[in-house]
Amino acid sequence: MAKEEPPSVSKDLQELQRKLSLLIESFQNNSKVVAFVKSPVGLYLDKHPVLALTVLVFVAMSAIPVGFFLFIVVLTSLGTLVGAILLEGLVISVCGLTLLCVLCGLGFVSVAMSGAVTVSYMVVSSLIHYWFSLSRPCTQQASSVDCQLAMKSADFEGLYQE
């Protein structure tokens, strides 16, 4: 049996939900976001959410290695002014190969993470659906088809009530 939450926790959660909905609404109303979503790339990613999640995870995880690589390029370019042309080529080549290896590893990790998130989403949603279907059992007098129709109509009624 669950303990009842104090009213302050409930109010805090409602305030947090209101703030999050305002943040999401501000993102959705941003002109740059709207332009990207209407672009061919945005439409393609909208049709392929797993790929969009993979791209997002890859970009987020590769920002630090790419930034570090660019930092090294700038430092070695400054070294060129001093006359270390051979050293710059060697360092950029080694860093480029290192960046290639890191990005390949991050690509694999981002695919694995997005797959894990997708699978966990499917499992959790199935468990929630199963849990809610058990919490509304049909009567024994109704036939199997009537029971399924009653459950589906109850699901749709729950969607439109506020």
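The values are calculated or read from the model by the stated rules, or taken from the named source; none is laboratory data. Note that this is a predicted model, so its numbers are computed, not measured. Glycine also receives a Cβ, built like all others from the backbone with ideal geometry; neighbour counts cover every protein chain displayed. The area values use the complete protein model at the heavy-atom level, side chains included, leaving out ligands, DNA and RNA. Shrake-Rupley method; radii C 1.70, N 1.55, O 1.52, S 1.80 Å.
All conditions but one from (1) open to solvent by 50 Å² or more (accessible area, probe 1.4 Å); (2) closer than 14 Å to residue 65 by Cα apply to residue 134; the one that does not is (2). Look through region 11-70, keep the residues that are open to solvent by less than 100 Å² (accessible area, probe 1.4 Å) and outside any helix (DSSP H, G or I), and return whichever of them is nearest to residue 110 (Cα to Cα). Restricting to residues being open to solvent by less than 100 Å² (accessible area, probe 1.4 Å) and outside any helix (DSSP H, G or I), the top hit is 48. So is residue 45 closer than 25 Å to residue 118 by Cβ, touching a helix residue (DSSP H, G or I) at 6+ places or on another chain (Cβ under 7 Å) and free of Cβ contacts under 8 Å to residues at least 24 places away in the same chain or not? Judged against the criteria, residue 45 is a match.
For region 97-123, enumerate the residues that are surrounded by 13 or more Cβ atoms within 10 Å (Cβ to Cβ) and among the aliphatic types (A, V, I, L, M). The answer is 99, 102, 103, 106, 109, 111, 113, 117.
Residue 126 falls short on exactly one of the conditions (1) open to solvent by less than 50 Å² (accessible area, probe 1.4 Å); (2) modelled with pLDDT of 90 or more; (3) farther than 30 Å from residue 62 by Cα, and that condition is (1). Taking region 71-92 as the range and being more than 30 Å from residue 52 (Cβ to Cβ), open to solvent by 60 Å² or more (accessible area, probe 1.4 Å) and at pLDDT 90 or above as the test, only 74 passes.
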